[in-house]
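Derivation of every value follows stated rules applied to the coordinates shown; laboratory data play no part. None of the values given here were measured: they were computed from a predicted structure. When we count neighbours, we look across all protein chains shown, and the Cβ atoms used for this are built from the backbone with ideal geometry, even at glycine.
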Amino acid sequence: MSRTAAPAVVILLGPPGAGKGTQARMLEEDFGLVQLSTGDLLRAAVAAGTEAGKRAKALMNAGHLVPDDVVLAVLRDRMAAPDVSRGVILDGFPRTTRQAAALDGLLASAGQAVSAAISLEVDDAAMVARVAGRFTCASCGEGYHDSFKTPAHAGQCDACGSTEFKRRPDDNPETVAERLKEYHAETAPLIAHYETEGVLHRVDAMGPIAGIRAELAEVLSRAMA
Ligand code: AMP
């Protein structure tokens, strides 16, 4: 799949609502990679009441970034698991230049490097509505939206049939506005970082999900050829 035997490391960049989670799940299917979402890992830590979760909870609910040491600790634990050996799609990490440097160091020590960083380009104005209406299946994680993607049979997950759904506590308009601010202040500069490293790909992410999936598949096929 990749030029060397090294596992692929794909980074998805984009503000909240850009579709990182949705597309990461599709890339898992298309390329056999494993989605690593630091947001999901932190939410699991909060739910489990771990030390990391206790430090993260209030910051996440306010739409602020969680300290690097907390994020790096949960990510390192996850990356040590055997299922990530084929490669990963990083969704929501790195989010600061310090995290990008930490990732570069972590990969370099294993003889690896970032294969591709994909910037999902969207209009901020549309993101609040996108995020505020979204919900997921509590059982399998399939994503839905009040306006754009409702289950085929109301109240029942298309993918697994579960009737339990959940909404994130930080998916409300005020918190999304904070998260967008954090994105532009802390994360958007990473686009230039990966451009300099020659691994950046920009993809217009305002259109239909299937079209974006096809474009991402093309970009990744080339990057990993
Ligand atoms: P996400 O699921 O990616 O939208 O992340 C939800 C929240 O988790 C963010 O608003 C942050 O509070 C926290 N978070 C997730 N990833 C990171 C990260 N790489 N660095 C700092 N905070 C993070």
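If I take all pairs of Cα atoms in the chain, what percentage of them are more than 32 Å from each other?
14
As a calculated quantity, the FRET efficiency between residue 98 and residue 163 at R0 = 41 Å, using C-beta atoms, amounts to about 0.45.
Need one word for the range 68-118: rounded, prolate or oblate. Basis is the Cα gyration tensor (sqrt eigenvalues a ≥ b ≥ c); a/c below 1.5 gives rounded, then a/b vs b/c decides. It comes out rounded by the Cα gyration axes. Counting other Cβ atoms within 10 Å as a rough exposure proxy, the listed residues 175, 50, 163 run 163, 50, 175 from fewest neighbours to most.
Which of rounded, prolate or oblate describes the range 1-133 when judged by the alpha-carbon gyration tensor and an a/c cut-off of 1.5? Taking the square roots of the gyration eigenvalues as a ≥ b ≥ c, the range 1-133 is oblate. Taking every alpha-carbon pair under 8 Å whose residues sit at least 6 apart, the range 92-196 reaches a relative contact order of 31 percent.
What is the range 1-54's relative contact order, in percent, from Cα pairs under 8 angstrom and six or more apart in sequence? That works out to 17 percent. Spin-label model, residue 58 to residue 185: label points 7 Å out along the Cα-to-beta-carbon direction sit 1.8 nm apart. GNM on the chain, alpha-carbon springs under 10 angstrom: the most fluctuating residue among 63, 53, 161 is 161. Multiplying the residue separation of residue 126 and residue 174 by 0.36 nm and removing their Cα-Cα distance gives an extension gain of 15.8 nm.
To the nearest 0.05, how large is the calculated FRET efficiency for residue 192 and residue 136 if R₀ is 30 Å and r is the Cβ-Cβ distance? Don't skip to the answer; put the middle values down first.
Working: r = 32 Å, r/R0 = 1.07.
About 0.40, to the nearest 0.05.
FRET efficiency for the residue 217 to residue 80 pair, using the beta carbon distance and R₀ = 22 Å, is estimated at 0.15. Other residues within the sphere of radius under 11 Å centred on the Cβ of residue 32, judged by their own Cβ, net out at -3 (K and R +1, D and E -1).
Summing Lys, Arg as +1 and Asp, Glu as -1, what charge do residues with Cβ under 12 Å from the Cβ of residue 194 carry, residue 194 excluded?
Details: positive: 202; negative: 104, 195, 197.
Result for the neighbourhood of residue 194: -2.
Where a ≥ b ≥ c are the square roots of the eigenvalues of the C-alpha gyration tensor, would you call the range 157-223 rounded, which needs a/c under 1.5, or, failing that, prolate if a/b is larger than b/c, or oblate? Since a/c reaches 1.5 but b/c is at least a/b, the shape of the range 157-223 is classed as oblate.
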